[in-house]
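This report concerns only the one structure given below.
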Protein chains: 2
Amino acid sequence: MCLLPSLSTPGVLTCSVTPTVATASSSPLQFFTSRSSTHPSRFSTGPAVPLARTNTWPKDVGILAMELYFPAQYVDQTDLEKYNNVEAGRYTVGLGQTHMGFCSVQEDINSLCLTVVQRLMERTELPWDSVGRLEVGTETIIDKSKAVKTVLMELFQNSGNTDIEGIDTTNACYGGTASLFNAANWMESSYWDGRYAMVVCGDIAVYARGNARPTGGAGAVAMLVGPEAPLVLDRGLRGTHMENVYDFYKPDGSTEYPMVDGKLSIQCYLRALDQCYAVYRQKIQNQWKQAGIDRPFTLDDLQFMIFHTPFCKMTQKSLARLMFNDFLSASNDTQISHYKGLEAFRGLKLEDTYNNKELEKALQKASLDMFNRKTKASLYFSTHNGNTYTSSLYGCLASLLSQHSAQDLAGSRIGAFSYGSGLAASFFSLQVSQDASPGSPLEKLVSSMSDLPERLASRKRMSAEEFTAIMDQREQFFHKVNFSPPGDIKNLFPGTWYLERVDELHRRKYARCPV
Amino acid sequence: MCLLPSLSTPGVLTCSVTPTVATASSSPLQFFTSRSSTHPSRFSTGPAVPLARTNTWPKDVGILAMELYFPAQYVDQTDLEKYNNVEAGRYTVGLGQTHMGFCSVQEDINSLCLTVVQRLMERTELPWDSVGRLEVGTETIIDKSKAVKTVLMELFQNSGNTDIEGIDTTNACYGGTASLFNAANWMESSYWDGRYAMVVCGDIAVYARGNARPTGGAGAVAMLVGPEAPLVLDRGLRGTHMENVYDFYKPDGSTEYPMVDGKLSIQCYLRALDQCYAVYRQKIQNQWKQAGIDRPFTLDDLQFMIFHTPFCKMTQKSLARLMFNDFLSASNDTQISHYKGLEAFRGLKLEDTYNNKELEKALQKASLDMFNRKTKASLYFSTHNGNTYTSSLYGCLASLLSQHSAQDLAGSRIGAFSYGSGLAASFFSLQVSQDASPGSPLEKLVSSMSDLPERLASRKRMSAEEFTAIMDQREQFFHKVNFSPPGDIKNLFPGTWYLERVDELHRRKYARCPV
């Protein structure tokens, strides 16, 4: 373990956007700030005064700031390989995973989200009443009725700001994306009152003992959404695919563990990827046509490509798959000139190739250079922390920002594929702003992510035996009432919210570690 | 029991909006219809072509069509009073409930939503690819990961339309309203592609044996959302209040039943009502000011007022509470001239009066006439079917439409209060279009609801003993696998989707009763 005591808040990554909102009255984010923060009332009846809205969409709606939280402990995948008595490399090479973060009983989905929201608010120095919408995407359901969102309202209590739209949204790993889409929609609607939206997603991914267990992970992401963002959501541009399948699901309320049909899920993922990419390409080509541009969209139009990442090898396979989509759509000449080594696969159809190992190998080879340039950097967090379900894709985004300079990123388009089993999937994209100068929103966002490697390295390494004991403990406490979780809060990062007590009526109470 | 054999599809209420969308290319709902419905493909890659969007919001976004589904069986509350050995009137007068609908094991949340969506699509005669967004609000969680939305995609399969945004959203009874808000936001955003949104909400409300059990119910509502609607959502006008409380919640995944603190929940409901009304009033007054109107908003500005209705007496109490809000905000003169019998309560504060029985009595009396004019008609469905959680408020809307003529409703403003424990609440309003002429969208919507009383009357009355046995059966089957639900599908309304089988891997398969 490599503890970096100089880090005051390890495990928490954030960016500090200057809160122009509160000071510049000409900003599109102007909002009502007459609630005195020195005299917080239990409930303020003074709502934000809506702007004198003209019915135009605000400019450049997207991600202004991000924060990433992960647990302070991990298990090394080589330790898990030995513990599970499998060949060396099964998890580290086969899955592409080196470490896996996990939570003790002291943390649950509410505490993860409390931590990540509090940190984003504190670092951005935004007033608590500057948020007009907050939605949570999660599939870590610990209450079938009460939303995580309601627990997060605790943080806003002293500000008197209770007029915050949005609740929780769920479909497997897709909830974060649904929340992001909903936030952007709100901001372009008449119901936007000039305040920020916050998108929160997080999960504790745990599996029963067996093959799937090393594909777990835990973490949460919070994103501040607003206009004039450094990462702009491409307007009117989303390719979605939904269907009814049972590839991964959680029908048993008495356990945290899912039911998984791994082989089916990979096939569903790739099929959804094909479909979403086709819809996205058609939509962007239509937009281009209206602008007088008539040419096919290909991966060359994306400088970076990020994916929901159940395990890292899956993402490499997915980029290769997108290349195959481009290849099949290309003209004969282009197929020959641009796609070396794929000639043998020219006559194939997408739907016949989900299990074609020969094709997969050829694609992996053909796309390797592209993978290294466009995608590999986005896997840093996933490699070291595992799958965080709804926040996986946004952990990839954070990783991309942490591994590239603002100059590298400026002016690029980032493609994003979100997948949630069951299934719901979307392909969308972000335009990175041109301005990467020191102090620019982009530079601030990027620099806020730069210490991701150090922060991950500051976690405590636990043995496979300790990890397994903690998983057993999670099982024992899953439906327990009237207890305070065992464990020392010194094992958590400073400033982490944790579960303090579950009373006899299942009511949960949280507290925060000293910052 | 009063069976009406002439009704071909009892229990299903709908309206038939002319599908102008598919025929009138000048309509704002123009969409791409080149997918041949005679040659359905498994997955169409032909997405809806986005309209050449100018960045203006479409006109009059709101509810175009509705459908209401409820189970074909009910228990009479007088039977429950006898069975539970309580005084006559406890449920029928004390709660204001006369009958309660309930589901056997043959129905679950997926089947309820399948039924209501299929019926709305069939009656409106819209092509399946005319829907671009579908979101489900529910707190009847039978899978912690897989959304009801994904099951509904089964209905769209043959059309090849898989590009449908939206998943599930949850916070107690608030999910339907969150879905409606999200649908309207989408339609005003750049991401709207010219197609309809569908809002689906439904729940099976069941309680453990005891005092709360008679406050159950079951049902689902589907609403078609689009521009140029007869029920227009007031633009930019929502008053929201959220906070962290444990008044009603479902922490135990091993049971369908919630934990309830009834007294706390009523107080939370009323506090949220006060807060939301204050925010709503301030927002509408701000809008008025911008239009040069400077006067306070009161209930006089709402011709009708509907509420989330956990039980009918609560709604009467709530309207009275709104009057108290108006009273406290009024000038001295108005307090005396307009609010007879409330003089004694002039000095009180809202937050001190949640348990003031004397005030409650005086308010109930003072608001009785208003209740009869503005709200009573909206309780028809709730009175006869009970609480349907997320769909309760929209069942009230359906009832209002069923009990008034289009002429009565034309030009009015309907206030709506949505409450979900935990808690999330909003006050919003609908403007009813002026045109009530025969064949107008309003007249069609209203007439589609007119047979609600007959359809409710066509249900089968079950004894309290039979009801209790079925509740016991639901408990036994809650986590069971590898079974086909017992029961005769003849007990269901024609055209109802039902649970055919749960296999050994918890996968659910549905079938439909003959129409």
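Bear in mind that the values in this text are calculations on the coordinates, not laboratory data. Here the structure is a predicted model, which means the values were calculated and not measured. Cβ sites come from the backbone with ideal geometry, for glycine too, and all protein chains shown count toward neighbours.
Listed values, structure above:
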| item | result |
| --- | --- |
| Pairwise centroid distance, computed over Cα atoms, of region A:418-434 with region B:350-418, Å | 42 |
| For residues of A:104-113, the mean tally of beta carbons on other chains within 10 Å | 0 |
| Rounded to 5, the percent of DSSP beta bridges in chain B classed as antiparallel | 75 |
| For region B:51-512, convex hull volume per residue from C-alpha positions, Å³ | 146 |
| A:Ala88 paired with B:Ala208, simple spin-label distance in nm, labels 7 Å along Cα-to-beta-carbon | 5.5 |
| Inter-chain shielding of A:248-259 (mean C-beta neighbours from other protein chains, 10 Å cut-off) | 6 |
| Relative contact order, percent, chain B [alpha-carbon distance under 8 Å, six or more residues apart] | 24 |
| Low-density loop cleavage sites - trypsin sites (Lys or Arg not before Pro) in region B:203-308, where at most 16 other Cβ are within 10 Å (DSSP) | B:Arg209 |
| Residue-averaged beta-carbon neighbours from other chains (10 angstrom radius) around A:493-506 | 1 |
| Inter-copy spacing of B:Thr56 label points, which lie 7 Å from Cα along Cα→Cβ, given in nm from shortest upward | 1.4 |
| Interchain or long-range residues, amide H under 5 Å from B:Met305's placed H | B:Thr375, B:Gly415 |
| Per-residue [θ]222 nm for chain A (sum of -39500 (n - 2.57) over DSSP H runs n ≥ 4, rounded to 500) | -10000 deg cm²/dmol |
| Across the identical copies, how the A:Lys361 labels are spaced - nm, sorted shortest first, 7 Å along Cα→Cβ | 8.8 |
| Minimum Cβ-to-axis distance in chain B for the rotation onto chain A, with residue, whole Å | B:Gly253, 1 |
| B:Ile489 versus A:Ser329: modelled label distance in nm, points set 7 Å from Cα along the beta carbon direction | 4.2 |
| Across the identical copies, how the B:Gly411 labels are spaced - nm, sorted shortest first, 7 Å along Cα→Cβ | 6.1 |
| In region A:55-119, GluC sites (Glu not before Pro) in a DSSP loop with at most 11 other beta-carbon atoms within 10 Å | A:Glu87 |
| Convex hull of Cα atoms in region A:123-183, direction-averaged projection (nm²) | 4.6 |
| DSSP H segments from chain A that extend 15 Å or more along their own axis, Cα-based, with Kyte-Doolittle mean of 0.5 or above | A:392-403 |
| Entries in A:Lys250/A:Lys313; A:Lys289/B:Lys59; A:Lys365/B:Lys509; B:Lys82/B:Lys263; B:Lys376/B:Lys444 that, when Cα-Cα distance is taken, lie over 30 Å | A:Lys365/B:Lys509 |
| The protein assembly as shown: proportion of alpha-carbon pairs further apart than 49 angstrom, % | 20 |
